[in-house]
Amino acid sequence: MTNADYSWDQDSDLNDERLDAAVVPQRYALTAPQVVVNSAGEILVVDPHPAGTWDTWMFPYASLILTRDELAAAPDDGTGPILAVSEGSTFRALSEALGQLRVNRQDAYVSAIQAGVNNVIADLNGTWSGTPFYTNYSLKFSKTSNSYTAYEFSYFLNRVATLDLELPHVWIEPSRLAEELARSQTPFGRTVSSNVADALPAIRSSI
């Protein structure tokens, strides 16, 4: 399992698989992708990074990032489940622990999401519903830290009338984006984040 990335949701077979010691995460990213929908039923994908770096279409998003060391040093305020994740724990146990961590850090989570999303698109955070319509999870290896980060992605619908956007972006119907992805790995000149592709079926049934 070492150095591979993993993605799953509550219906995935991966839930019953167990973590090797090498993939036990040392960082936790509680992430909220914003699925921005306009009056035409189109969703927004953006590339918020400097030109020539990521070159990836993604949803506007923000995260609350916590480290295992930070949580271990803090008073026991409900972080026990995430600290209990170790070699032999199931992927399901990891996703449940991430959900509990989000609940226990709800105030910090909401603050981080509002500030972070606002940094991507000014004033966007004021319209999100606050209720995720889909949740999935990832374990991703970071060469920089030489460790794994566990992600909980909670997707929120964010309905808007208009947006004044200066960063690279595309408005597109979910069904058309799925068709574009079936034809090309780089629709509209960029790759598409795996999280966008993973959420498309849930998006199509939610908007």
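Running a GNM on the chain with Cα contacts under 10 Å, which residue among Ala182, Ala21, Ala29 ends up with the highest mean-square fluctuation?
Most flexible of the set in this elastic network: Ala182.
Between Ala4 and Asp77, what FRET efficiency follows from the Cβ-Cβ distance if R0 is 30 Å, with the result rounded to 0.05?
0.40
What are the extents of the Cα atoms of region 117-184 along their three principal axes, in Å, largest first?
Per principal axis, max minus min of the Cα coordinates gives 42, 34, 26 Å.
Expressed in nm to one decimal, what extension gain is obtained for the pair Glu87 and Thr131 from 0.36 nm per residue of sequence separation less their Cα-Cα distance?
The span from Glu87 to Thr131 would gain 12.6 nm if fully extended.
Give, as a single signed number, the net charge of other residues whose beta carbon lies under 13 Å from the beta carbon of Arg190, with Lys and Arg counted +1 and Asp and Glu -1.
-3
Over the chain, calculate the relative contact order: mean separation of alpha carbon pairs under 8 Å at least 6 apart, over the residue count, as a percent.
Contact order relative to length: 32 percent.
Longest exposed-loop-site-free stretch of the chain, with GluC sites (Glu not before Pro), DSSP loop and at most 15 other Cβ within 10 Å?
88-165
Name the long-range amide H neighbours of Tyr134: under 5 Å, sequence gap of 5 or more, or other chain; modelled H, no Pro or chain starts.
Result for Tyr134 returns Tyr155.
I want to make sure I understand the PRE zone here: with the label point 7 angstrom from the Cα of Arg159 toward its beta carbon, which residues in region 181-206 have backbone N atoms less than 14 Å away?
Answer for region 181-206: 206.
If we count every other residue with Cβ under 14 angstrom of Ala29's Cβ, Lys/Arg +1 and Asp/Glu -1, where does the sum land?
Around Ala29, the charge tally is +2.
With r as the distance between the Cβ atoms of Val103 and Asn146 and R0 = 35 Å, compute the FRET efficiency 1/(1 + (r/R0)^6) and round to 0.05.
The computed FRET efficiency comes out at 0.75.
Across region 63-118, what fraction of all alpha-carbon pairs, as a whole percent, falls in each successive 10 Å bin from zero upward?
It works out to 22, 51, 24, 3, in whole percents.
Every number here is computed from the coordinates shown, using simple stated rules; none is lab data. Being a predicted model, the structure only gives us computed values, none of them experimental. No Cβ is skipped: glycine too gets one built from the backbone with ideal geometry, and neighbour counts run over all protein chains shown.
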